[in-house]
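Notes follow the structure.
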Amino acid sequence: MERRVLVRDYLRQLRSRSRALPRAQRKELLADIREHIQTSLAGAPDHDAAYVREVLERLGDPGDIVATARASDPLPTSTGFNLQRWDPLGTVLLIQFGAFLCGVGWLTGLLLLWTSRHWRIRDKIIGTAFVPGGLAVPIFLTFKPESCTTTAMVGQPLEEQCGHIVHTPGLDLALLGALWAISAGATLWLIFSARTQNHH
């Protein structure tokens, strides 16, 4: 029982001291320390409180651990900008609308996505592939003027078909709707996944 109390109090102090860290870094730090404690105490008797104290002392003071983690915060630059601290919503906005900035915004969004700890590999693939260019693509196709083609058949009046993507009206509408649905779905997925990751 005392073993559990000692570990719980130590982790509580660590959680409290680490609130100043970015969420993703704080989550990783807590997970690493928790795993280290569990591994070190594996096989130790539950009543051996002295051994638990020794393990925790070897880990060090929670405040010192947090200070070390803050000092080793990854990817700093000379201007103080840190890709890991970029707000997830800003990354999603660049991925979905950055193509309007001559494509550079979308590429920047991808860089932030793939260097971020807010998403797993699966999320990054979804954000990249569904749909390349993001919501900017269906928005552009929806509001650009339709292109038309005229078909002439012997004995029949001229037939004109128009569309944003293809000249078959029903298929054009279906393709446009699919682009909207996939892009919007990818946007919601990235936002939901980032919130889920950061609150675990």
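The values are calculated or read from the model by the stated rules, or taken from the named source; none is laboratory data. Since we're looking at a predicted model, the values are computed, not measured. No Cβ is skipped: glycine too gets one built from the backbone with ideal geometry, and neighbour counts run over all protein chains shown. Surface areas here come from the heavy atoms of the whole protein model, side chains and all, with no ligands, DNA or RNA. Shrake-Rupley method; radii C 1.70, N 1.55, O 1.52, S 1.80 Å.
Projecting label points 7 angstrom from Cα along Cα→Cβ for residue 53 and residue 148 puts them 8.8 nm apart.
The residues of the chain expose, per residue, 61 Å² of accessible area to a 1.4 Å probe.
For the chain, the cysteines with no partner cysteine C-beta closer than 4.7 Å are 102. A simple rule links phi to the HN-Hα coupling: the Karplus curve 6.51 cos²θ - 1.76 cosθ + 1.60 with θ = phi - 60°, which for the range 107-115 gives 5, 5, x, 5, 4, 5, 4, 6, 9 Hz, with x for Gly and Pro.
Dividing the mean sequence gap of close Cα pairs (under 8 Å, 6+ apart) by how many residues the chain holds gives a relative contact order of 18 percent. Heavy-atom surface analysis with a 1.4 Å probe gives the chain a carbon and sulfur content of 63 percent of its accessible area. Classify the chain: rounded, prolate or oblate, from the alpha-carbon gyration tensor (a ≥ b ≥ c, eigenvalue square roots; a/c under 1.5 rounded; otherwise prolate if a/b is larger than b/c)? Prolate is the answer for the chain, as a/c is 1.5 or above and a/b outweighs b/c. The string of couplings for the range 19-36 from the Karplus curve (6.51, -1.76, 1.60, θ = phi - 60°) is 5, 7, 6, x, 4, 5, 5, 5, 4, 5, 4, 4, 5, 5, 5, 4, 5, 4 Hz, one whole number per residue in order, with x for Gly and Pro. Between residue 171 and residue 102, take the C-beta separation as r, use R0 = 41 Å, and let me know the FRET efficiency to the nearest 0.05. Rounded to the nearest 0.05, the efficiency is 0.85. Each residue of the range 51-68 is assigned a 3J(HN,Hα), and the resulting list reads 5, 4, 4, 5, 4, 5, 5, 5, 5, x, 5, x, x, 5, 4, 5, 4, 5 Hz, derived from the Karplus form 6.51 cos²θ - 1.76 cosθ + 1.60 (θ = phi - 60°), x at Gly and Pro.
From helices alone, the chain scores -20000 deg cm²/dmol at 222 nm; the rule is -39500 (n - 2.57) for each run of n ≥ 4 DSSP H residues, then divide by the residue total. According to the Kirkwood relation over distinct C-alpha pairs, the hydrodynamic radius of the range 85-143 is 11.2 Å. Computed about its Cα centre, the charge dipole of the range 1-60 is approximately 480 debye, with only Lys, Arg, Asp and Glu carrying charge at their Cβ.
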